[in-house]
Amino acid sequence: MSDTHSHTSNNIAYVADQSLPELPAPINTRGPIAWVRQNLFSTWRDSILTIVFGYLIVVAVMKLAPWLLFNATWDANSLRECREINTGACFAVVNRRLNQLLFGFYPSHLYWRPILTFFLMFVAFAPMLHDNLPRKLLWFTAAFPLLAYWLIWGGPVWSIVLVVAALVWGYFVFRFVSSLANQTAAIFAGIAAVLLWFLIAHDDAVQLFVSVFGSVGLEPVESAKLGGFLLTFVVGVTGIVGSLPLGILLALGRQSDMPVVKMICVGFIEFIRGVPLITLLFVASVLLNYFLPPGTTFDIILRVLIMVTLFASAYMAEVIRGGLAALPRGQYEAADALGMNYSLSTRFIILPQALKISIPGIVNTFIGLFKDTTLVSIIGLLDPIGIMQPIRSDQNWNGIIWELPIFAGLVFFVFCFTMSRYSMYFERKLDTGHRN
Amino acid sequence: MKTKILSLALGTAALAFGATAASAATLDDVKNKGFIQCGVSTGVPGFAFTDDSGDWQGFDPAFCRAMAAAVFGDPKAVKFTPTTGKTRFTALASGEVDVLARNTTRTFSRDADLKFTFAAPNYYDGQGFMVRKSIGVDSATALDGATICIQTGTTTELNLADFFRANNMKYEPVPIETNAEAQEKYLANACDVYTTDASGLAATRAAFEAPAEHIILPEIISKEPLAPLVRHGDEQWADIMSWTLYALITAEEKGITAANADEMAASSSDPETKRLLGSEDELGVKLGLDKAWALNAIKAGGNYGEIFAKYIGKDTPVALERGLNALYKEGGLMYSPPFN
């Protein structure tokens, strides 16, 4: 090789001692033209499909855009005015009723409370979603549900203080019983203690505190005033936040060696999954009323929250069970071999891996749940879908059909798409390259 | 499992604490609460809707406000619970609402079987048909084979089936849930005919871009006396509901309006007007209310005619004629027993 080379180099007159400047790639292999060629017209079949679908898209846009954008009316007092102004969509209804679509009948001078809650929600989620934030923020995350409840519903500050007190009381019962008996019994005793507090003493204690210390707090807002996207968020976020821990417990319980725990978990999961959400909502709105004696006010939104959370947790449990099942047996055995007990191995070996595997399924359940909240309109709660009907029944807006669902759909899309993109980012971040 | 335990626990707790509340009369409960919980629909044009500021308005909420004024002297002492066709009766039966004013048809089975007590009808409606003019039908008896948009869970379903069977015709139902859905389906030609109460048809047609292209057929195939209702078994509360309505009707008959009620109470020489408005005798006390109950109810939103004109009358977009709902003196069916 080197011989040949030296031989030829001696025979030619000129040798370039530096490389030529790089030329851009040929026009048909780069830039938009190449992209179009490669992706849209690479074979004759592709070309036909591109032309057909391109035509359909153009037609759809040509038909929709004038109605949706160019001829749309954004400011008018009624549909009749809209029709006089222009021929397109009448988004004036969204404009005029924006507050109702967002907050329902929430008192307008208190809008800052749900708005503040909404932004605080991101602060609360932040330490769970980004690991480079100070860990102390997790305390805020833990306190957020109570804070959100207080901000949205208002009431004396004592009710929140006493809830914290109840949790502390539950914790001490747990500590006390765990010094006498095993942990499982202690957990149940702690939960029972907290429930007992709420059933028997809480309301009276709040009354007592109010009478002794005065009613410091926020102006109370009753549940019936909640509506629009505020209701969607209250139901959706509560369901999402509540269903994940419950789902994990149920999934672990389902794999438990203890027959009673296993039976309860399997029974619960299969029962809930065997019943449509709308049936559970009807149970919440209709049937529970018959069980409870007349005169008891058991808040309809609370009933819905419980049902939605239970419903989502059953699905969550199955998603996480999938993650647990996908873990190779060796991981469990390795944890055992290291001498870890059940709680240690679950916390440090099993769950971190199982949850990572389950992320797409978990987010899928979240998104599904978030959209399922619109079902509450069927039991007369005025979520964004439910509140459209009274708006359309106003003679000013009667005849409006598409504008309101388009608006609601857009908002839903923004949130669901964000969740989905975030989960993809999260998966990539947690991807440690181990594929089983 | 968990729900069962929870509801059991709550139920027992509630039994222990709420047993006394359960046996009290509705009026006492309402007075303790400080407001009337009133079930309305989730939206029927003219009859119940929310205005720009988020308040419930319409023919039905106006009646609830009149009742609140009768009980508390304050038309604002009322809270509204939107109910759907499916949840309305359980909401009332379970005590979630104190009175249901939700354009509900009084029928035998609802009265006797579901155990409700109805007031006199406050709106006499009837089921009609709306079709596009272009299909060239001018009578409901020519609708053989039509596809019909029909609201589920209402009396209209049964009426429709009866009418077509009686006339030996066939139809294909397109079930819909709400009036807005019906409008959309009907305008998109998913059904040839939209059938519901004639008042609803008129309101729907008024909202179309080209109302003149649609006609409401002359046949009214059913009696739909719409009335407010309460639970069986509390006569006092039922009386308050019934006589509040009668007070509004009598007020129209006697020419008492929201504007002149105070003046009439002070200066009228008609004995029945005086009894009604509490300037003579104390009728309200016999209902467990104060003597100005009817005066307050009338001042809340006006007499029956004023409420009708404000929300569904011919100057509104719903544009309903009084028809059967005129006073008996003017050829209608609105007839109040005397206040004696």
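The values are calculated or read from the model by the stated rules, or taken from the named source; none is laboratory data. Everything numeric here is computed off the predicted structure, so don't read it as measured data. Neighbour counts run over all protein chains shown; Cβ positions are idealised from the backbone, glycine included. The accessibility values were calculated without ligands, DNA or RNA, using every heavy atom of the protein model including side chains. Shrake-Rupley method; radii C 1.70, N 1.55, O 1.52, S 1.80 Å.
When region A:288-342 is examined, which residues are found to be in contact with a Gly (Cβ under 7 Å, 6 or more places away or on another chain), in a helix (DSSP H, G or I) and not aliphatic (A, V, I, L, M)? Hits for region A:288-342 are A:Phe291, A:Thr309, A:Ser313, A:Gly322. Regarding A:Gly323, is this residue farther than 23 Å from A:Ser420 by Cα and crowded, with 17+ Cβ neighbours inside 10 Å? Criteria not met by A:Gly323. Quick one: what pairs do we get from region A:389-412, first residue farther than 17 Å from B:Tyr311 by Cβ and facing chain B (nearest Cβ under 7 Å), second open to solvent by less than 10 Å² (accessible area, probe 1.4 Å) and part of a helix (DSSP H, G or I), C-beta under 6 Å, 6+ apart or different chains? Listed by first residue and then by second, the contacts come to nothing, as the list is empty. For region A:167-208, the set of residues classified as within 14 Å of chain B (Cβ to nearest Cβ), under 21 Å from A:Leu246 (Cα atoms) and aromatic (Phe, Trp, Tyr) consists of A:Phe188, A:Phe198, listed by residue number. Name the residue that is nearest to the other protein chains (Cβ to nearest Cβ), counting only residues in region A:369-388 that are part of a helix (DSSP H, G or I) and open to solvent by 30 Å² or more (accessible area, probe 1.4 Å). The residue in question is A:Ile378. Could you please find all residues in region A:38-88 being touching a strand residue (DSSP E or B) at 6+ places or on another chain (Cβ under 6 Å) and of a type in the set (S, T, N, Q)? A:Thr73, A:Asn86, listed by residue number.
Do we have any residue at all in region B:45-67 that's open to solvent by less than 10 Å² (accessible area, probe 1.4 Å), more than 8 Å from chain A (Cβ to nearest Cβ), more than 19 Å from B:Ala227 (Cβ to Cβ) and over 14 Å from the mean Cα position of the chain (by Cα)? For region B:45-67, residues open to solvent by less than 10 Å² (accessible area, probe 1.4 Å), more than 8 Å from chain A (Cβ to nearest Cβ), more than 19 Å from B:Ala227 (Cβ to Cβ) and over 14 Å from the mean Cα position of the chain (by Cα): absent.
Suppose we filter region B:143-173 for residues that are more than 17 Å from B:Lys185 (Cβ to Cβ), open to solvent by less than 60 Å² (accessible area, probe 1.4 Å) and of a type in the set (A, V, I, L, M, F, W, C); how many remain? Number satisfying all stated conditions: 4. The combined condition, being more than 14 Å from chain A (Cβ to nearest Cβ), modelled with pLDDT of 90 or more and open to solvent by 10 Å² or more (accessible area, probe 1.4 Å), is not fulfilled by B:Lys79.
Looking at region B:253-269, can you tell me whether even one residue there is part of a loop (DSSP other than H, G, I, E, B), acidic (Asp, Glu) and at pLDDT 90 or above?
no
Residues that are assigned to a helix (DSSP H, G or I), without any contact (Cβ under 8 Å) to a residue 12 or more places away in the chain and open to solvent by 10 Å² or more (accessible area, probe 1.4 Å): does region B:192-208 have at least one? Checked against the condition, which is being assigned to a helix (DSSP H, G or I), without any contact (Cβ under 8 Å) to a residue 12 or more places away in the chain and open to solvent by 10 Å² or more (accessible area, probe 1.4 Å), region B:192-208 yields no hits at all.
For (1) open to solvent by 10 Å² or more (accessible area, probe 1.4 Å); (2) at pLDDT below 90; (3) closer than 18 Å to B:Asn260 by Cβ, each residue gets a yes or a no:
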position	(1), (2), (3)
B:Glu282	yes, yes, no
B:Ala292	yes, no, yes
B:Ile298	no, no, yes
B:Tyr311	yes, no, no
B:Thr316	yes, yes, no
B:Leu320	yes, yes, no
B:Lys329	yes, no, no
B:Tyr335	yes, no, no
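Screening A:Lys262 against (1) within 24 Å of the chain's Cα centre (by Cα); (2) modelled with pLDDT of 90 or more; (3) charged (D, E, K, R) leaves a single unmet condition, (1).
Among the candidates A:Pro220, A:Pro245, single out the residue that is farther than 17 Å from A:Ala312 by Cβ and open to solvent by 20 Å² or more (accessible area, probe 1.4 Å). Steps first, please.
Details: A:Pro245 fails: farther than 17 Å from A:Ala312 by Cβ.
Going through A:Pro220, A:Pro245 in turn, just one is farther than 17 Å from A:Ala312 by Cβ and open to solvent by 20 Å² or more (accessible area, probe 1.4 Å): A:Pro220.
Assessment of region A:96-112 against the conditions (open to solvent by 70 Å² or more (accessible area, probe 1.4 Å) and more than 11 Å from chain B (Cβ to nearest Cβ)) yields at least one matching residue.
Residues that are crowded, with 19+ Cβ neighbours inside 10 Å, over 30 Å from B:Lys115 (Cβ atoms) and in contact (Cβ under 8 Å) with a residue 12 or more places away in the chain: does region B:233-250 have at least one? No, because not a single residue in region B:233-250 is crowded, with 19+ Cβ neighbours inside 10 Å, over 30 Å from B:Lys115 (Cβ atoms) and in contact (Cβ under 8 Å) with a residue 12 or more places away in the chain.
Out of all the residues in region A:81-93, which are open to solvent by 10 Å² or more (accessible area, probe 1.4 Å) and either β-branched (Val, Ile, Thr) or in contact (Cβ under 8 Å) with a residue 12 or more places away in the chain (or both)?
Taking region A:81-93 as the starting set, the residues that turn out to be open to solvent by 10 Å² or more (accessible area, probe 1.4 Å) are A:81, A:83-88, A:91.
A:Ile85, A:Asn86, A:Thr87, A:Gly88, A:Phe91 - these are the residues of region A:81-93 that are open to solvent by 10 Å² or more (accessible area, probe 1.4 Å) and either β-branched (Val, Ile, Thr) or in contact (Cβ under 8 Å) with a residue 12 or more places away in the chain (or both).
When the criteria are applied in full, A:Arg347 meets the requirement of being out of contact with any Cys (no Cβ under 7 Å at 6 or more places or on another chain), more than 30 Å from B:Gly43 (Cβ to Cβ) and surrounded by fewer than 18 Cβ atoms within 10 Å (Cβ to Cβ). Of the numbered criteria (1) among the polar types (S, T, N, Q); (2) within 13 Å of chain A (Cβ to nearest Cβ); (3) under 22 Å from B:Leu333 (Cα atoms); (4) open to solvent by less than 20 Å² (accessible area, probe 1.4 Å), the one B:Thr87 fails is (3). Tell me, which residue of region A:180-199 that is over 33 Å from the mean Cα position of the chain (by Cα) and open to solvent by 90 Å² or more (accessible area, probe 1.4 Å) is modelled with the highest pLDDT? Result: A:Leu180. Scanning region B:34-44 for residues that are more than 10 Å from chain A (Cβ to nearest Cβ), part of a strand (DSSP E or B) and over 12 Å from the mean Cα position of the chain (by Cα) yields a single hit, B:Ile36.
Residues that are more than 20 Å from the chain's Cα centre (by Cα) and part of a helix (DSSP H, G or I) within region A:389-430 comprise A:Gln389, A:Pro390, A:Ile391, A:Arg392, A:Ser393, A:Glu403, A:Leu404, A:Pro405, A:Ile406, listed in sequence order.
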